[in-house]
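Report on one structure; see the data block that follows.
Bear in mind that the values in this text are calculations on the coordinates, not laboratory data. It should be emphasised that the depicted structure is a prediction, and the values quoted were computed from it without experimental measurement. As a convention, Cβ positions derive from the backbone with ideal geometry for all residues, glycine included, and neighbour counts pool all protein chains shown.
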Amino acid sequence: MIKKESRNSMRVVRHERIRSTMTGTSTTPRLCVFRSNKEIYAQIIDDETRTTLVSASSLDKELKLENGSNVEAAKAVGKSIAEKAKNAKITKVVFDRGGYLYHGRVEALANAARENGLEF
């Protein structure tokens, strides 16, 4: 009988493979996305100093979201992270999709961040 790996463990493998070649620097930090079943989170990380520069999630009170697991919530988080990055004088980032497919909520977050001033 063939043992099937869980989707999340395979996602972690993909993420580790992506992260072996991708790093965020002080000039171009890494925009990392985590998607759970209920929420979506985004962080801008400087891997050289191992610090989170800016973060946003669907749990933030100022977004006032009823449902954190849909495309509209991802767009709101993308807009929020772009505005916070602009305030922190960050314009260019490297997009780390976290092993998820570039589809649905991850794509909506990326497009909203691009439309609001982030370059990647």
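The table below gives the values:
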| read-out | value |
| --- | --- |
| Meets criteria (free of Cβ contacts under 8 Å to residues at least 60 places away in the same chain and touching a Ser or Thr at 6+ places or on another chain (Cβ under 6 Å)) for residue 88 | no |
| Verdict on residue 58 being closer than 21 Å to residue 8 by Cβ, surrounded by fewer than 19 Cβ atoms within 10 Å (Cβ to Cβ) and not hydrophobic (A, V, I, L, M, F, W, C) | no |
| Single residue of the stretch 25-48 satisfying the filter (in contact with a Leu (Cβ under 8 Å, 6 or more places away or on another chain) and part of a loop (DSSP other than H, G, I, E, B)) that is surrounded by the most Cβ atoms within 10 Å (Cβ to Cβ) | 29 |
| Residue satisfying all of: in the stretch 74-108; touching a strand residue (DSSP E or B) at 6+ places or on another chain (Cβ under 6 Å), aliphatic (A, V, I, L, M) and under 25 Å from residue 11 (Cα atoms); surrounded by the fewest Cβ atoms within 10 Å (Cβ to Cβ) among these | 94 |
| Residue that is surrounded by the most Cβ atoms within 10 Å (Cβ to Cβ) [pool: residues in the stretch 109-120 that are touching a strand residue (DSSP E or B) at 6+ places or on another chain (Cβ under 9 Å) and in a loop (DSSP other than H, G, I, E, B)] | 118 |
| Looking only at the stretch 1-40, and only at residues there that are out of contact with any Gly (no Cβ under 7 Å at 6 or more places or on another chain) and among the aliphatic types (A, V, I, L, M), the one that is nearest to residue 105 (Cα to Cα) | 31 |
| Scan of the stretch 29-82 for residues that are without any contact (Cβ under 8 Å) to a residue 24 or more places away in the chain and among the hydrophobic types (A, V, I, L, M, F, W, C), ordered by number | 45, 59, 63, 65 |
| Matching residues, the stretch 64-117, being of a type in the set (Lys, Arg) and either farther than 25 Å from residue 48 by Cβ or out of contact with any Asp or Glu (no Cβ under 8 Å at 6 or more places or on another chain) (or both) | 64, 75, 79, 84, 86, 89, 97, 105, 114 |
